[in-house]
Amino acid sequence: MPSTRREFLAATAAAAALAQASPADPGPWFDKPMRWAQLTLVEDDPGKYDFTFWLDYFRRTHSDAACLSAGGCVAFYPTKIPLHYKTPWMKDTDPFGDLVAGCRKQNMVVMARTDPHAVHQDVYDAHPDWIAVEADGKKRRHWASPDLWVTCALGPYNFDFMTQVTREIVEMYKVDAVFSNRWAGSGMCYCEHCRENFHKASGMDLPRTTNPHDPARRAYTAWHQQRLFDLWHLWDDEIRKINPNACYVPNSGGGALSDLDMKAIGERAPMMVADRQARSGVAAPWANGKNGKEYRSTMGGKAICGMFSVGVEEAYRWKDSVQSGPEIKLWAIDGIANGLRPWFIKFSGTLHDKRWLQPVEDVFNWAYRNERYLRNERPLARVAIVYSQQTAHFYGAERARQKVEDHTLGYYQALIEARIPFEMVHDQLLDAAHVDQYKVLILPNIAALSDQQCRQLREYVDRGGSIVATHETSLYDQSGVQRKDFGLADLFGTSYDGAIDPRMQNSYLRLQGPHPLLAGLEDAPRIINGVSRVHTRGTDANAPLTLIPSYPDLPMEEVYPRVAKTDIPEVYLQERGKGRVVYFPWDIDRTFWEILSPDHGKLLRNAVDWAGNEPHPATVTGPGVLDVAVWRQKDSMTVHMVNLTNSMMMKGPIREFIPLPPQKVVVRVPSRPKSVKLLVSSAQPAVQYAPGTVTLTIPSILIHEVVALDL
Ligand SMILES: [Zn+2]
């Protein structure tokens, strides 16, 4: 009870403000929607596309939220803002307003989409300074639509004009959020505003090099991020002034290769959209789930939506195309298994090919029927892969994909093959609160680590955690400057010996067991080495892996080992209290991604098993490739198994699902569950209980299966 009149008045005012926000008092809606529909209209849709069909499709898919095209490059509502280009096809109508009203009638959360990256000639003529400028001083024409111009993201076009647009949309339609696509610019801009603002902030001219050690480049990296966070803050503030329960949602973020700091994103955003629309080129079907893990590492339990498209996502951008049904389903379902709330995106309201409708409807309906088992509270994985944007920016730079990301992809694939449930951890969140839920942290060539990060990792091991590290991990500081020795030399049990072989040809490893690290390799006297090797100090003729140095690979008469055996260890194993540390000085994870040698896969798996020294939360045994994830909900636990076994596993699109033969599942449980069921096949499995475990056999898995245990 309020004790004074002033408190009473304050409480009354707060209640009134709440009531005014909405009569139904929804409060923040961010955690509510579980299934998102995005319809991105094209200019000539108004008057042509089938409005009723779309609302009906939203209903059929049980979509509880929509993202709809509003403004920016093209306005789909009667805007009053000068230079805000209205689609001429809408005449006197309000296509956006009609869709908003239709969705509201279906109780959907509504997000307005803007796209500020391109403008028409009249904007160029009125405000030439709003246009992005190339390094050679030329204004940037749009690369795909040559009638349009590319805007500068960091100047008045976004900060003034798009702020007005954002405000107008929220004022007119009271939307729940504004989502912007391509809001963060299209490459480096040398316009007058960027030049002046950067100079004001740093005293330097804009960098003309991508070298991360160039002082101007370093300053630019920080300034560019700050400018974008300022813009995010500005739009978010303006939106909340009009609708306190609304927010701004930028299309941003991702893993090590993404621009904006994921830790700052996680602190700021009440929900996020992980935009990984489909596979292109060589890409594993688990890449959507990986994106979910990357966002979760800094978003924690906040809602993360997994945006997937239904078209073929390749460089040729067939935006009106439709992928195979199985490809659409597998991509979406692996996202769901990894905690993403499905969000389909369709470009163009006019349908040229309807074959995607049923696959998306099938996935969404399954998710709707099983919503209570998809409202996850936390993952139960005990293993996590660390990723590091600072390593990508300052050590990898232009070669970050090969030097940084390929190591992560390799270890990721190895854990998938090993069916080990795992999460990802951001390198700026290595404190106890973020890592103590894990027994093993994997550092796949996390080269750039500060002294403080190294201290946090040391403390993690002192508290009983274990580490598996590879290659140049901790050999550089947070700025990418090389150290004299590993920052984690004490944990690794070795020191840097002053050299790195960048490319070894025809080198091998001698195996000496028995050791748990060599499980499954008992009959192998030697296996292929990796490609790059860090020289380390120390000799041990009895190490499980020792170096067999390169020898000629041509002419064939010369191909024989000059040295059969050395005492140069290629793995270091330490026990520190309850913690264990495995260090591979070579690029085992990156080589695994390139070559996919099963021998390397076994070593990567065994390293985690030895370091963890405990059973996994779920063990699934049987043939095939499965992505396994274990979750806790309020009153239940789930084990997701996504069937990735496919001749098109590494390069889509998949043609058909291949059913898996029986799989034995052992789940570690806190108590004997009240019931155990399968959420896909609905079969009643025979379940055996033992103290702490539940064992069952799943007869077959087509796309996926979920074991749900009611606790
Ligand atoms: Zn600019």
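Side notes on the structure shown:
- Residues of type lysines that K105 reaches as a straight line, Cα spacing below 28 Å, ignoring anything fewer than 8 places off in the same chain: K32, K48, K80, K86, K91, K174, K241, K302, K346, K354
- Span from the the range 554-602 Cα centroid across to the the range 265-289 one, whole angstrom: 32 Å
- Fraction of beta bridges assigned by DSSP in the chain that are antiparallel (%, nearest 5): 55 percent
- Tilt relative to the chain, helix 163-173 - C-alpha long axis, 0 to 90 degrees, to 10: 70 degrees
- Relative to the longest principal axis of the Cα atoms of the chain, the long axis of helix 215-242 lies at roughly 40 degrees.
- For the range 618-628, putting each phi into the Karplus relation 6.51 cos²θ - 1.76 cosθ + 1.60 with θ = phi - 60° gives couplings of 8, 10, 10, 10, x, x, x, 10, 10, 8, 10 Hz, in residue order, rounded to whole numbers and with x for Gly and Pro.
- Largest first, the three principal axis extents of the alpha carbons in the range 298-344 are 36, 20, 14 Å in whole numbers.
- 24 Å tail of the calculated P(r), the range 52-157, as % of Cα pairs: 38 percent
- Helix axis angle, 192-202 relative to the chain longest principal axis, alpha carbon, degrees: 50 degrees
- Phi-based couplings in Hz for the range 676-686 (Karplus 6.51, -1.76, 1.60; Gly and Pro marked x): 10, 9, 9, 8, 9, 7, 6, 5, 9, x, 6
- Note, ³J(HN,Hα) from phi for the range 480-492, Karplus 6.51, -1.76, 1.60, rounded to Hz, x at Gly and Pro: x, 8, 5, 8, 6, 9, 4, x, 10, 3, 5, 5, 6
- Note on the range 448-466 and the range 313-343: Cα centroid distance 38 Å, given to the nearest whole angstrom.
- Average silhouette area of the chain, convex hull of alpha-carbon atoms, in square nanometres: 36.1 nm²
- Taken about its Cα centre, the chain carries a charge dipole of about 1480 debye when Lys and Arg each add +1 at the Cβ and Asp and Glu each add -1 at the Cβ.
- Rg/Rh (Cα only; Kirkwood hydrodynamic radius) as it applies to the range 408-543: 0.96
- Partners for K565 among aspartates and glutamates (Cα-Cα distance below 13 Å; same-chain residues under 8 apart left out): D540
- Whether the range 420-462 is rounded, prolate or oblate, judged on the alpha carbon gyration tensor where a/c under 1.5 counts as rounded: oblate
- Across K293/K578; K319/K651; K139/K403, pairs whose alpha-carbon gap is larger than 30 Å: K139/K403
Where a number appears in this text, it was derived from the coordinates with a stated rule and is not lab data. From a predicted model like this one, the values you see are computed outputs, not experimental measurements. Glycine gets a Cβ as well: all are built from the backbone with ideal geometry, and neighbour counts include every protein chain shown.
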